[in-house]
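Please read the structure below before turning to the comments.
The values are calculated or read from the model by the stated rules, or taken from the named source; none is laboratory data. In this text, all values refer to a predicted model and were calculated from it rather than measured experimentally. Neighbour counts are summed over all protein chains in view; Cβ atoms, including those assigned to glycine, are modelled from backbone coordinates with ideal geometry.
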Amino acid sequence: MDNDPIPLSALQHWAYCPRQCALIHLEQAFEENVYTLRGQAVHNRADQAGVTLRADLRVERALPLFNDRLGLVGKADVVEFLEDGTPYPVEYKHGSRNKKAAIAACDDLQLAGQALCLEEMSGKPVPEGALFYASSKRRRIVPITSELRDAVETATREIRAMLATGTTPPPVNDERCRACSLRDLCQPEALAHADQLGALRRALFDPDA
């Protein structure tokens, strides 16, 4: 387990909700909802492997990615190679680019993971990438900062530790749950209620606990 590669998508899942990440990548549970279906539709258009040549740009779609040092694997929706060979990752997302900051940060982390893969694969620095949002049909430029790089490394270690222990984190039962496709499987309200009852029983019958 310590050496198993971690999918780049797990970075986004972990940043959004560690329990969601565990349900998908540890318990192999997944369900569709309107948000995942929209996301698939967007990625299906970008996932047609191929190369397009422009005057000063080579564009590769569905490019396999890896970073052996971190043990990350995945696939880039689009990578634009500049004239000097510098890779520029572009990740496609459904919805508008005017997302809440917390959700946008999850997308940024996944893009930064792609950048670290491309740096190892190409031997060139990747200082920047972009997120393309289907609804607004606009890009949001993301500088690959040292903070983002550190966040990728931290998240990778935390995900690997979670997989190694085989422990699914507890539910959060907050606004993130509303759009989550795993809500019915996760049952955050019921589990949170059970945790509250357990805490109440301990307080009533075992005050020294």
By residue number, the members of the stretch 86-99 that are at pLDDT below 95 and not in a strand (DSSP E or B) are H94, G95, S96, R97, N98, K99
What number of residues within the stretch 150-170 satisfy the criterion of being surrounded by fewer than 18 Cβ atoms within 10 Å (Cβ to Cβ) and of a type in the set (A, V, I, L, M)?
2
Can you work out which of the residues in the stretch 63-81 that are in contact with a Pro (Cβ under 7 Å, 6 or more places away or on another chain) and among the β-branched types (V, I, T) is farthest from V51 (Cα to Cα)?
V73
Yes or no: V73 within 30 Å of P170 (Cα to Cα), in a strand (DSSP E or B) and at pLDDT 90 or above?
yes
Hey, among the residues in the stretch 167-209 that are among the aliphatic types (A, V, I, L, M) and closer than 20 Å to A22 by Cβ, which one's modelled with the lowest pLDDT?
A194
Out of all the residues in the stretch 100-149, which are touching a Gly at 6+ places or on another chain (Cβ under 8 Å), in a helix (DSSP H, G or I) and surrounded by 22 or more Cβ atoms within 10 Å (Cβ to Cβ)?
L111, A112, G113, Q114, A115, C117
All but one of (1) over 18 Å from the mean Cα position of the chain (by Cα); (2) exposed (fewer than 15 other Cβ atoms within 10 Å of the Cβ) hold for N173; state the number of the condition that does not hold.
(2)
So, Y88, is that one more than 22 Å from S146 (Cβ to Cβ) and either in contact with an Asp or Glu (Cβ under 8 Å, 6 or more places away or on another chain) or of a type in the set (G, A, S) (or both) or not?
no
Six or more apart or on different chains, Cβ atoms under 7 Å: show the pairs whose first residue is in the stretch 154-177 and under 18 Å from A102 (Cβ atoms) and whose second is among the hydrophobic types (A, V, I, L, M, F, W, C) and surrounded by fewer than 18 Cβ atoms within 10 Å (Cβ to Cβ).
P171/L191; P171/A192; N173/A192
Please tell me if R149 is of a type in the set (D, E, K, R) and modelled with pLDDT of 95 or more.
yes
